[in-house]
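Working notes for the structure below.
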Amino acid sequence: MNKLLLIAALGVAAYFALLPGTGIPDKPALPDSSGFSSAAGDHTNAALENSISNHLSNQQLAGQAMVVKILPDDNKGSRHQRFIVKLNSGRTVLVAHNIDLAQRIDSLRTGDTVAFFGEYEWNQKGGVMHWTHHDPQGRHPGGWIKHNGQTYQ
């Protein structure tokens, strides 16, 4: 009797596991360096705008914006290329791109549009986007910046 109940229970579990939409949901894919859809337009910045509005940090986000100011590199500790981007909403975010782990974007100019994926940290000035590079130890999602058809990661 117990074996029959066990077989029946396994059969029911297998049946429901194979039904569409009832299994364990797939882990959402993180954007990677294989592509960034500029066709998504402003929608690509929705999560970034939400993080700014709600003062959220440690958010793994993608975005696209125009470079409005190029700052001197930060050469203290890990070296970072720094520039400010402006979202369509008018909000600005500092991008701190680690050039000890990723290639420097030498061709970057004010007025250029960049796409990016990294970790957003809120601050009073609009926030910082960092981790726009690979993690050599593989413990953090790899980020990237796309500029003029080239990916920097």
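The values are calculated or read from the model by the stated rules, or taken from the named source; none is laboratory data. Keep in mind that this is a model prediction, so the values were computed, not measured. Note: ideal-geometry Cβ built from the backbone for every residue, glycine included; neighbour counts use all protein chains shown.
Counting residues in the range 84-92 that are basic (Lys, Arg) and in contact with a strand residue (DSSP E or B) (Cβ under 8 Å, 6 or more places away or on another chain) gives one or more.
For the range 113-148, filtered to residues that are within 24 Å of Asn88 (Cα to Cα) and of a type in the set (Lys, Arg), the residue that is surrounded by the fewest Cβ atoms within 10 Å (Cβ to Cβ) is Lys125. The residue of the range 129-144 that is nearest to Phe83 (Cα to Cα), among those that are in a loop (DSSP other than H, G, I, E, B) and touching a strand residue (DSSP E or B) at 6+ places or on another chain (Cβ under 9 Å), is Thr132. Condition first: at pLDDT below 95 and not in a strand (DSSP E or B). Can you find one or more residues in the range 111-124 that meet it? Yes. Within the range 91-110, being within 14 Å of Gly63 (Cβ to Cβ) and in a loop (DSSP other than H, G, I, E, B) holds for one residue alone: Arg91.
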